[in-house]
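The values are calculated or read from the model by the stated rules, or taken from the named source; none is laboratory data. Please read these numbers as outputs of a predicted model, since none were measured by experiment. So basically every Cβ, Gly included, is an ideal-geometry build from the backbone, and we count neighbours across all protein chains shown.
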Amino acid sequence: MTDKIYERDAYAESARGTVVFARTFGNRTVVSFDRTVIFPGGGGQPLDEAEITFEKSAIFEGGKGYVSFAVAEAYRTEEEAAEGKRKKSSEEEDGDDVYYELVSSGDEKIPSGLLSGKTAEMRVNMKKRKALMARHTGEHILSYEIKELFGAENVGFHMNDEFATCDFNALLDEEQISAAERAANAAVRENRRVFAEYFDEDGIKDVRLRKKTSWLSGKMRVVFVDGNDSCTCCGLHVSHTGEIGLIKVVSSQKLRGGTRLFFICGEEAFEDYVQKHRIVTRLGEKYSVKPQGIIAAEEQKDEKIRALTETLRKKSEFVARAILEKSERIGGFDVCISDVIDDTEAEIITKTGSGSPSRAVLYKKGDGRIGYVFVSPGASPESGREEKTSCALLCRRANELLGGKGGGRPSFASGTAEFAGDFSEAAEKFRGVFADTGLEQI
Ligand SMILES: [Zn+2]
């Protein structure tokens, strides 16, 4: 049975342990120690980031110095270790042993046959562990407050390196989430004691629990937040709530008729505040308003943009009509050539008017290139005019003459070209697109 130091002292960073089990399954080496500080993961909390260091002389003939291995995975039983897969229940259950799968950081093969009986130093990345403990305890408190205030149960919890999520079996609105968040942060500031006690099946009946994992039996670990939460949990927690610092729900979403909350705690919450404060300050400076006035300033700006867009649209239509009035009739097409219009006006020209006219536009684009569009609504296989008025055909000719790229259908085609010369030169070439096509007869 592994002596799990982390269960009674979540702050133990390192320990020396003796290998009591070492085996290779395929290319995976798994070891177990008589004692450990490395949390194997459980209760929604991931496996610790940790390093296990042996004296080289103990495991390699004539070796000098030390060799360290990282922990890739942890298992609760030898069967799990052999399969290389954890059972779902082992996420919650407090098993007797802990097995670690080692990974070599270098090229050295791990000599599992030589590890038995050897001692090693194990060390946990405590910065990361403490952040996870804070987040995990934050989850207990937040879940307690939500149940107390709104009766919603925590039905799922997950943590990764950046944030934690917690699922509740009821829809919670912004106000409700905010109220629970306030109550939880009050409990954080009260610096309440957090501790674990063990109960058997009889004893646990008298314990007021927010949540008891249904499949648990035998010796059960209950984690208490003094005067606040209590639930069965095999995870690791801070010793006093003050260490959490701050609990901040950063977003929420509806999930299967309930609500998923995304939240951060402690240092991450502080860093998030720093970053957001910076953004809000810059925006306030930009609009010369206090933070509370930023949204109104943004809405005013949106309104201005809407009005400007409308004015611009009217002007574009006016310009497009003026250009169209001056169009040249070449080869059955109304040909508009202008270096003062852009995509918007070109689009209006090809769409304005009645009687399905065939039109072509050559214009100078905002990015310095030139653009051309051909539209001939009557050109379809049924009309029998497909070949002669094919916009695709004209576009291909324009590509050749102007050195551009583009294409389309018989009724519509467009292209662009890099054209370094004078625009009037491009205009002349564009007129040439319609030469010798016999289109005048249509
Ligand atoms: Zn917990």
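Key figures for this structure:
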read-out: Wholly enclosed strands (runs of 3 or more DSSP E) of the range 240-332 bearing at least 3 residues over 30 Å from Tyr144 (Cα atoms); value: 328-330
read-out: Residues within the range 60-81 that are touching a helix residue (DSSP H, G or I) at 6+ places or on another chain (Cβ under 6 Å) and crowded, with 18+ Cβ neighbours inside 10 Å, tallied; value: 3
read-out: Residue that is outside the structural domain of Tyr11 (by TED's automatic domain parsing), β-branched (Val, Ile, Thr) and touching a helix residue (DSSP H, G or I) at 6+ places or on another chain (Cβ under 9 Å), where the choices are Ile294, Ile305; value: Ile294
read-out: Qualifying residues in the range 211-226 (those that are out of contact with any Lys or Arg (no Cβ under 6 Å at 6 or more places or on another chain) and assigned to a loop (DSSP other than H, G, I, E, B)) - the one modelled with the highest pLDDT; value: Lys219
read-out: Residue selected from the range 9-41 under the condition touching a residue at least 60 places away in the same chain (Cβ under 8 Å) and among the basic types (Lys, Arg), by the criterion nearest to Arg129 (Cα to Cα); value: Arg16
read-out: Filter result for the condition that a residue is among the small types (Gly, Ala, Ser), within 15 Å of the ligand (Cβ to nearest atom) and buried (at least 18 other Cβ atoms within 10 Å of the Cβ), over Gly266, Gly235, Gly245; value: Gly235
read-out: Contacts under 6 angstrom Cβ, first residue in the range 93-106 being closer than 14 Å to Leu47 by Cβ, partner at pLDDT below 70 and part of a strand (DSSP E or B), 6 or more apart; value: none
read-out: Failed item in (1) among the aliphatic types (A, V, I, L, M); (2) free of Cβ contacts under 8 Å to residues at least 40 places away in the same chain; (3) touching a strand residue (DSSP E or B) at 6+ places or on another chain (Cβ under 8 Å), with Leu149 passing the rest; value: (3)
read-out: Exclusive hit being more than 16 Å from the ligand (Cβ to nearest atom) and more than 33 Å from the chain's Cα centre (by Cα), set Glu79, Glu13; value: Glu79
read-out: Residue list for the range 248-263, filter: on the phi < 0 side of the Ramachandran plot and either surrounded by 13 or more Cβ atoms within 10 Å (Cβ to Cβ) or in contact (Cβ under 8 Å) with a residue 12 or more places away in the chain (or both); value: Lys248, Val249, Val250, Ser252, Lys254, Leu255, Gly258, Thr259, Arg260, Leu261, Phe262, Phe263
read-out: From His158, His140, residue being within 14 Å of the ligand (Cβ to nearest atom), surrounded by fewer than 17 Cβ atoms within 10 Å (Cβ to Cβ) and closer than 17 Å to Cys234 by Cβ; value: His158
read-out: Residues within the range 16-59 that are more than 16 Å from the ligand (Cβ to nearest atom) and assigned to a strand (DSSP E or B), tallied; value: 24
